[in-house]
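Participant: Shown below is the structure under consideration.
Quick note: the coordinates plus some simple rules give every number you see, no bench work behind them. None of these values were measured; they are calculated from a predicted model. Note that each Cβ is placed from the backbone with ideal geometry, even for glycine, and that neighbours are counted across all protein chains shown.
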Amino acid sequence: MGGPDWINYQHVNENKGGLNKRAAIPPKLLAIIDELNSAAFVEWLSELTGIPNLKPDPDLEGGGLHQIKAGGHLNIHADFTVHPHHRMWRRRVNVLVYLNEGWQEGYGGHLELWTRDMQRCFKRVLPVFNRCVIFNTDPDSYHGHPHPLTCPETTTRKSIALYYFTEEAVLPRKIATNYRARPGDGAQAILIYLDKKALSLYNWLKGVFGINDAFVSKLLGILAKWRGK
């Protein structure tokens, strides 16, 4: 998706692309990312959220640019709680900036924010151009856009996704991305749960072996080509 440097996140719970390789990010977008990771912005973000000593992630692990094609989705989830390569870094805040000029209501792609008990969606946010969403990433901060996009094939849902952390004195509890079924998901809930467990194992392997999403994306691409021969 988008070129060889893009990471393809394609499984039951999500179908999207990501780009966190600085050399491949367009200069204007990289300038925005650097501004949002600057000391001045992060200090302001700490004041806004009431969370002192926030720090950005220079590796953009799991973040950077996100892009979703027609039919793509991201099931409701709470984000991973600890940086995969910094065991004492607790994830605290997400900043999302949408880059979708001319985005229409009928395309879908609304960011949905769900209650802690996963019983209802209490807020839907249309991902229109230049809209920014900031929220805490607690273990029960459930969000996503579970409905497949209905935008034209020539259009994608684009965003900048940046994550901020605090360095803890006590080892924080490590939880992988926690996908949750919605009321009414029925049998799909079983697939959501099994996929979540597989991702939990993958997250553990990332921490143990120091691998990243780009490496795995390339490996899956090689395997796909091999299977096609």
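Participant: Across segment 74-163, how large is the tail of the calculated P(r) beyond 17 Å, expressed as a percent of all Cα pairs?
Facilitator: More than 17 Å apart: 53 percent of the Cα pairs in segment 74-163.
Participant: May I ask you to derive the relative contact order of the chain, considering only C-alpha pairs under 8 Å and at least 6 residues apart, and to give it as an integer percent?
Facilitator: Reported as a whole number, the value is 26 percent.
Participant: How many angstrom lie between the Cα centre of segment 166-196 and the Cα centre of segment 62-88?
Facilitator: 12 Å
Participant: Using the Kirkwood radius over C-alpha pairs as Rh, can you work out the diffusion coefficient of segment 141-203 via Stokes-Einstein at 37 °C, viscosity 0.692 mPa s, in µm² per second?
Facilitator: My calculation gives 217 µm²/s for D.
Participant: Provide Ser159, Ser38 in ascending order of the number of other Cβ atoms located within 10 Å of each residue's Cβ, fewest first.
Facilitator: Starting with the residue having the fewest Cβ neighbours, the order is Ser38, Ser159.
Participant: Okay, moving on. Provide, as a two-decimal number, the C-alpha radius of gyration of segment 7-209 over 2.2 N^0.38 Å, N being how many residues it has.
Facilitator: 1.00
Participant: To continue, here is another question. Percent of alpha carbon pairs in segment 1-72 separated by more than 21 Å?
Facilitator: 39 percent
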